[in-house]
Amino acid sequence: MNFDIFNGIDTVYITGHRNPDTDSIVSAMAYAQLRTALGDREYVAARLGRISDETQLVLDRFGFEPPQRI
């Protein structure tokens with residue numbers, strides 16, 4: 001995959017759906033961590049909507065904060 005469009009950008013935000021469910025939030029978080037570990041810039045998980053009660057329960061259970069809303 002060609003990521004030349006990101007040249008000169010220090011931070012890339014990774015999001016899921018506009019109305020995120022648990023898999024969308026957790027996938028964005030995991031992918032942002034992976035890309036940061038492998039890449040040459042910072043990738044940050046973000047969300048586009050409100051966190052559901054189910055998602056908050058999962059995040060609390062495993063000790064994670066929800067991604068910032070943008």
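Please treat every number below as a calculation from the coordinates, not as lab data. Only a predicted model underlies this, so the values are computations on that prediction, with no experimental measurement involved.
Here are the numbers for the structure shown:
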item	result
For residue 45, distant residues with modelled amide H under 5 Å away	14
Max mean-square fluctuation residue, GNM over the chain, Cα-Cα springs under 10 Å, options 58, 44, 26	58
Most mobile of 37, 28, 46 in a GNM of the chain (Cα contacts under 10 Å)	37
Hull-based mean projected area of region 20-65, where the convex hull spans the alpha carbons, in square nanometres	3.2
Length-normalised contact order of the chain in % [C-alpha pairs under 8 Å, at least 6 apart]	33
